[in-house]
Amino acid sequence: MAINKVGIIGSGIMGSGLVEVAARAGLSVVVRSRSQSTADAMVASVSKGLAKQVEKGRATEEEAKAIIGRISAVSDLSALADCDLVIESVVEDLETKKALFAELDGVVKEGAIIATNTSTLPVIELAMVTKRPELVCGIHFFNPATAMPLVEIVRPLSAADSTIEAATAFATACGKQPVQVKDRAGFIVNALLFPYLNNAIRMLEQGTANMADIDTAMKGGCNFPMGPFALLDLVGLDTSLAILDALYAEFRDPNYAAMPTLRRMVAAGKLGRKTKSGFYDY
Ligand SMILES: NC(=O)c1ccc[n+]([C@@H]2O[C@H](COP(=O)([O-])OP(=O)(O)OC[C@H]3O[C@@H](n4cnc5c(N)ncnc54)[C@H](O)[C@@H]3O)[C@@H](O)[C@H]2O)c1
């Protein structure tokens with residue numbers, strides 16, 4: 001399965017990173033957002049980021065131009081018809097993703113792989129709304145996608161070996177380190193990471209220490225690059241809540257039961273860096 005043309009759906013934090021990663025790997029990339037202006041704005045912001053890298057001497061002007069030249073922005077789903085691989089990276093909501101997968105299945109050419117960048121949701125449920133469940137898998141990048149080396153390749157029960165091999169080869173071609181994992185909520189990283197993040201909020205609620213000191217402790221004591229509250233803000237508090245809810249729904253482990261503070265902050269629209277306000281202000 002040769003992957004030359006990739007479709008990315010969603011222009012949020014992860015969608016924009018995925019577009020840059022795939023275009024850097026020399027692939028043609030079509031980014032689809034629900035509105036043309038959002039899709040165009042996303043390409044403009046990738047272009048701005050590349051211009052900064054040229055300024056810093058991390059890329060040449062020609063490289064930046066070539067990367068942008070490989071990206072096109074669309075609002076019409078049917079523009080993804082001739083992609084070899086489509087990765088959806090829209091909001092972490094099962095019903096939204098299921099509706100999108102069903103629509104994509106009717107649009108994307110036969111034999112193409114349809115993948116999800118979901119952090120926790122059951123990939124098999126997305127596969128089963130299509131007529132090509134053997135061609136569906138998870139390709140889970142990490143935030144920020146341009147910098148983080150890991151990609152989890154998630155294998156639902158329906159996936160063909162050739163799909164998993166092609167997805168793994170795609171991640172490698174993007175310069176990433178792929179690992180293969182079964183279709184279980186949270187896969188490897190989030191299943192281990194989120195009890196820690198949730199327990200940091202519990203510790204804050206219990207008044208054990210203040211937020212800045214908890215972050216300082218985990219950086220200085222464990223050599224983590226950032227503390228749990230800075231990481232929650234980076235991931236997005238709505239996405240973090242959706243991840244915990246999906247983990248709890250699957251395993252009923254109390255460590256996955258989202259702390260009330262997180263749920264209230266999401267209700268208040270404090271979603272982290274993307275809204276410039278979360279545990280910290282930006
Ligand atoms: N944030 C992270 O750290 C991270 C890391 C890895 C994977 N992910 C996964 O990536 C996906 C996207 O997360 P994100 O952080 O980019 O979120 P985000 O909030 O930055 O972006 C969400 C995108 O979904 C679109 N969207 C919202 N509702 C929609 C709908 N009803 N139909 C179609 N599109 C809709 C928005 O317009 C936006 O483009 C999620 O599945 C998330 O779990 C997130």
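Each other residue within a Cβ distance under 12 Å of residue 77 adds +1 if Lys or Arg and -1 if Asp or Glu, for a net charge of -2.
Bridge orientation summary for the chain: considering DSSP beta bridges with both residues in this region, about 20 percent are antiparallel.
Fully extending the segment from residue 250 to residue 63, taken as 0.36 nm per residue of separation minus the present Cα-Cα distance, adds 62.9 nm. How about residue 274: which lysines have a C-alpha closer than 20 Å to its C-alpha, ignoring those fewer than 8 places off in the same chain? In chain and number order, the partners are 48.
Rounded to the nearest 0.05, the FRET efficiency derived from the C-beta distance between residue 169 and residue 74 at R0 = 22 Å is 0.30. With N as its number of residues, region 76-168 has a Cα radius of gyration that, divided by 2.2 N^0.38 Å, comes to 1.00. Our analysis of region 190-275 gives Rg over Rh at 0.95, with the two radii drawn from alpha carbon positions and Rh computed by the Kirkwood formula.
Computed over region 122-243, the Cα gyration tensor eigenvalues convert (square root of 5λ each) into semi-axes of 33, 17, 10 Å, ordered from largest to smallest.
Computing Rg and the Kirkwood Rh from the Cα coordinates of region 1-50 gives a ratio, Rg/Rh, of 0.96.
In terms of overall dimensions, the C-alpha atoms belonging to region 1-84 reach 38, 31, 18 Å along their principal axes, ordered largest to smallest.
Taking the empirical scaling 2.2 N^0.38 Å for compact globular proteins as reference, the chain has a Cα radius of gyration ratio of 1.01. Once backbone amide H atoms are built at 1.01 Å from N, residue 151 has 177, 179 as its partners under 5 Å, excluding neighbours fewer than 5 places away on the same chain. In the elastic network of the chain, a GNM with C-alpha springs shorter than 10 Å, the most mobile of 236, 57, 138 is 57. FRET efficiency for the pair residue 102 and residue 53, taken as 1/(1 + (r/R0)^6) with r the Cβ-Cβ distance and R0 = 45 Å, rounds to 0.70.
Distance between the C-alpha centres of region 103-125 and region 146-204: 16 Å, rounded to the whole angstrom. Volume per residue of the convex hull around the Cα atoms, evaluated for region 1-144, comes out as 96 Å³. For the chain, modelled as a GNM whose springs connect Cα atoms under 10 angstrom apart, the maximal fluctuation among 158, 240, 37 occurs at 37. Checking every one of the trypsin sites (Lys or Arg not before Pro) in region 169-263 against DSSP loop status and a limit of 14 other Cβ atoms within 10 Å picks out 252. Summing charges over neighbours of residue 200, with a neighbour being any other residue whose Cβ is under 14 Å away from its Cβ, gives -2 when K and R count +1 and D and E count -1. GNM on the chain, alpha-carbon springs under 10 angstrom: the most fluctuating residue among 90, 123, 189 is 189.
Using C-alpha pairs under 8 Å with a sequence gap of at least 6, the mean separation divided by the residue count of the chain gives a relative contact order of 14 percent. Under a 5 Å amide H cut-off, with hydrogens placed 1.01 Å from N, residue 83 pairs with 109 among residues at least 5 apart or on other chains.
Across region 133-150, coupling constants 3J(HN,Hα) worked out from phi with the 6.51/-1.76/1.60 Karplus curve, θ = phi - 60°, read x, 6, 9, 10, 8, x, 10, 9, 8, 10, 9, x, 4, 5, 9, 7, x, 7 Hz, and Gly and Pro carry x. Here the dipole of the chain is about 440 debye; that uses its Cα centre as origin and unit charges on the Cβ of Lys and Arg (positive) and Asp and Glu (negative). Net charge of the neighbourhood of residue 275, taken over other residues with C-beta under 14 Å away and scored Lys/Arg +1, Asp/Glu -1, is +1.
Bear in mind that the values in this text are calculations on the coordinates, not laboratory data. Bear in mind that the values here come from a model prediction, so they are computed numbers and not experimental data. Glycine also receives a Cβ, built like all others from the backbone with ideal geometry; neighbour counts cover every protein chain displayed.
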